[in-house]
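Below is one structure, written out as C-alpha cells, with a few remarks after it.
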Amino acid sequence: MGTGGATPAGSSCALRLDPLALPVRYRAADPAADERVRLVELDRERVTLRRSVRGVRMKVSVPVSAFLGVAMRLASPEALDAGTVAVMLEHRDPAEWVRLLRLVTAAPNQLDQRKEPASQVRALTAWADQRDVPLALVGRLVTASWLYADPLSASHRRGLLREMAADLHQIAPYSTDGLTLLRDEADRYRDAAAGDGSYG
C-alpha cells in the first residue's frame, strides 16, 4: 500500500527529493479530492497528507519509519492513466494501513441520509474507472467505511459491511505482505454483517 503521485513516463520532474533540502512540499493528483489534488509534505521525521473531500478537511501524518521506501510503478495499459509512472511510498505495515483507514473514514460527513448507501457509494466513486484495480476498489472501500462511520447510517450498516468485506477481500492480493491480515479484516466485516452490524 502506498501514496504518491503519477507522472507521464519519460517526463522530467521538477520535484527533487534531496535529503539536505527537506522539508519538501508538493501537490499530487487525487481524483477523489476537492480540486482533484492532495498536498504532501515530507520532512526527515514524517509524511503529512492534506486533502479536502466535499469541504471536509483531512490530515494524515505518518512517521517516515513506517514506510519501506520509494517504489515506482508503471500503470497497466488498461488503466485510465496508462503510460504513467506512479512514485509511491511503500508502507511497511498492513495493520497500520487498516488503522489509518479507520481514522480517515471517521471524518464527519454531510451526506443526505435519505439516499441508499449503495447509490451514494456509486456517486462518490464515479471518478474511478471500475477497470482501474485496485484504485476503484480502494475508493469503494473508503467510501463505504466513511458512510458506515456515520451514526445516522445504523439502518444500512449490514449492507455497508458487506460492501467493505467484498472490496477488502479483492484488495488483499495487491498487498505484498498483508494478504492474510487484510482477508482476516474482510472476514471480520462479513461476520459483523451477519450479526448485529456492529464493528469496531
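Ranking request for peptides 120-127, 135-142: highest mean number of other beta-carbon atoms within 10 Å first, then the rest in descending order.
Per-residue Cβ counts within 10 Å, averaged per peptide and sorted highest first, yield 135-142, 120-127.
Output the peptides 26-38, 157-169 sorted from most to least packed, where packing is the average of other Cβ atoms within 10 Å over each peptide's residues.
Numbers: 26-38: 16.1, 157-169: 21.5.
The peptides rank, most packed first, as 157-169, 26-38.
For residue 30, which sequence-distant residues (separation of 5 or more, or a different chain) have an amide H within less than 5 Å of its own amide H, given hydrogens modelled in the peptide plane?
37, 38
Is segment 93-200 rounded, prolate or oblate when judged by the Cα gyration tensor, a ≥ b ≥ c being the square roots of its eigenvalues, rounded requiring a/c under 1.5 and prolate requiring a/b larger than b/c? Before the final figure, lay out each step's value.
Numbers: a/c = 1.70, a/b = 1.26, b/c = 1.35.
Judged from the Cα gyration tensor, segment 93-200 comes out oblate (a/c at least 1.5, b/c at or above a/b).
A short reminder: the numbers here are calculations on the coordinates, not readings from a lab. Bear in mind the structure is a predicted one, so any value in this text is a computation, not a measurement. Methodologically, a virtual Cβ is constructed for each residue, glycine included, from the backbone with ideal geometry; neighbour enumeration extends over all protein chains shown.
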